[in-house]
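Where a number appears in this text, it was derived from the coordinates with a stated rule and is not lab data. Please read all numbers here as calculations on a predicted model, not as lab measurements. A quick note on method: Cβ atoms are made from the backbone with ideal geometry, for glycine too, and the neighbour counts reach across all protein chains shown.
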Amino acid sequence: MARRADHSKEELASLVVNTAEELIAEEGIDAFSARSLSRAIGYTAGTLYHHFKDLDDIVTQVNTRTLVGLARAFADGTPSDDPRQMLHNYADAFLGYITLKRNLWNALFEFRRKPDQPVPPWYVEAIASLIRIIAQCFADIRPDLDDKAAHQSGQLVFASIHSVVSLDSSGRLNLIMDRDIGKVVHELVDMHILAYTHRTK
């Protein structure tokens with residue numbers, strides 16, 4: 001087993017998060033533990049907590065990377081001057097990213113924090129920033145409506161895509177419908193666009 005002196009504090013912290021990300025990506029959040037992580041990096045579990053508050057802290061670091069990755073996928077998506085088309089482009093980026101990082105994405109919402117462990121404000125902001133990107137498209141579709149309406153529609157699109165992809169990844173979507181997940185996602189986007197276009201307030 002490696003000694004703590006084998007890595008600097010910064011190197012070990014990076015090793016821990018990198019390895020945690022790999023383990024969660026390969027095996028899922030339910031199989032992830034301090035024991036599996038310490039075994040993978042060759043350090044005792046106690047050593048982990050010299051650098052991180054607890055396992056929640058480590059998973060939060062991994063989840064933050066996942067959110068940053070989705071933001072990057074949004075930024076790298078196909079650009080369009082049409083906000084309606086842009087919503088579909090974001091949906092493609094969203095679906096593609098979740099499909100590629102399925103276990104990491106599930107960890108965002110399936111990891112059970114300690115009851116007394118609050119979600120860090122910056123973590124909440126990372127999710128909110130993604131929703132704002134989607135909401136801006138709705139604001140561009142109907143600039144006469146207030147920001148609250150656009151934000152609510154952004155939240156609904158985010159939640160809708162997450163929900164159907166979660167059903168698909170768990171194998172439960174086919175209990176409801178036998179349809180291609182990509183077509184379902186784009187139909188959901190079209191429904192939200194139609195509803196928003198005809199909002200009265």
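Things to note:
- Here the dipole of segment 12-97 is about 260 debye; that uses its Cα centre as origin and unit charges on the Cβ of Lys and Arg (positive) and Asp and Glu (negative).
- Candidates 60, 19, 47: whichever shows maximal mean-square fluctuation once the chain is modelled as a Gaussian network with Cα springs under 10 Å: 47
- Note on residue 64 and residue 142: the model spin-label points, each 7 Å out from Cα along the C-beta direction, lie 3.7 nm apart.
- Potential extension, residue 26-residue 82 segment - 0.36 nm per residue separation minus Cα distance: 16.4 nm
- Given +1 at the Cβ of Lys and Arg, -1 at the Cβ of Asp and Glu and no other charges, the dipole of segment 1-52 around its Cα centre is 360 debye to the nearest 20.
- Dividing the convex hull volume of the alpha carbon atoms of segment 101-171 by its residue count gives 109 Å³ per residue.
- Structure-based [θ]222 nm, the chain - -39500 (n - 2.57) summed over DSSP H runs of at least 4, per residue, nearest 500: -23000 deg cm²/dmol
- Rounded to the nearest 20, the size of the Cβ-charge dipole of the chain about its Cα centre is 440 debye, with Lys and Arg at +1 and Asp and Glu at -1.
- Structure-derived Cα extents along the principal axes in Å - corresponding label in (i) 97, 34, 29; (ii) 63, 36, 34; (iii) 54, 41, 32: (ii)
- Listing 130, 188 from fewest to most neighbouring C-beta atoms within 10 Å gives 188, 130.
- Counting 0.36 nm for each residue step from residue 44 to residue 117 and taking away their Cα separation leaves a gain of 23.9 nm.
- With a cut-off of 12 Å between beta carbons, the residues surrounding residue 32 carry a summed charge of -4, where Lys and Arg count +1 and Asp and Glu -1.
- One quarter of the convex hull surface built on the alpha carbon atoms of segment 47-117 amounts to 6.2 nm², the projected area averaged over directions.
- The listed peptides 172-180, 137-145, 121-129, ordered by packing as a protection proxy, come out as 137-145, 121-129, 172-180 (highest mean of other Cβ atoms within 10 Å first).
- Computed label-point distance, nm, for sites residue 177 and residue 53 using a 7 Å Cα→Cβ extension: 4.1 nm
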